[in-house]
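The values are calculated or read from the model by the stated rules, or taken from the named source; none is laboratory data. None of the values given here were measured: they were computed from a predicted structure. Heads up, the Cβs are rebuilt from the backbone with ideal geometry, glycines too, and the neighbour counts pull from every protein chain shown. For the accessible areas, the whole protein counts, side chains as well, though only heavy atoms, and no ligand, DNA or RNA atoms are used. Shrake-Rupley method; radii C 1.70, N 1.55, O 1.52, S 1.80 Å.
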Amino acid sequence: MEPLFYRPKDAAVILGMSRTAVFRLIKTGELKSTKDEGYRLVPRWALDDFARALEARAGLTREEAA
């Protein structure tokens, strides 16, 4: 089963970017996250939403990306 939330370092691995870049995206609001008991968590849906927005900005379609 896939986790519902990821720590920023794990989100960075999934997105293929640095942990610093993930925190920058969180700070600018491009990547949604929440804090629970001192832990920053990124919901799985937020990773999907960010990836779709990035593809849209680049003008990519699923067929072109393959």
Those residues of region 33-63 which are among the acidic types (Asp, Glu) and either surrounded by 14 or more Cβ atoms within 10 Å (Cβ to Cβ) or over 18 Å from residue 2 (Cβ atoms) (or both) amount to 36, 37, 49, 55, 63
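Go through the residues of region 36-45 one by one and say whether even a single one is in a helix (DSSP H, G or I), without any contact (Cβ under 8 Å) to a residue 24 or more places away in the chain and within 11 Å of the chain's Cα centre (by Cα).
The initial filter retains those residues of region 36-45 that are in a helix (DSSP H, G or I), namely 44-45.
Filter again for without any contact (Cβ under 8 Å) to a residue 24 or more places away in the chain, leaving 45.
If we keep only those that are within 11 Å of the chain's Cα centre (by Cα) too, we end up with 45.
Within region 36-45 (the criterion being in a helix (DSSP H, G or I), without any contact (Cβ under 8 Å) to a residue 24 or more places away in the chain and within 11 Å of the chain's Cα centre (by Cα)), the answer is yes, since at least one residue qualifies.
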Inspect all residues belonging to region 15-32 and state whether any of them is on the phi > 0 side of the Ramachandran plot, modelled with pLDDT under 95 and open to solvent by less than 70 Å² (accessible area, probe 1.4 Å). no
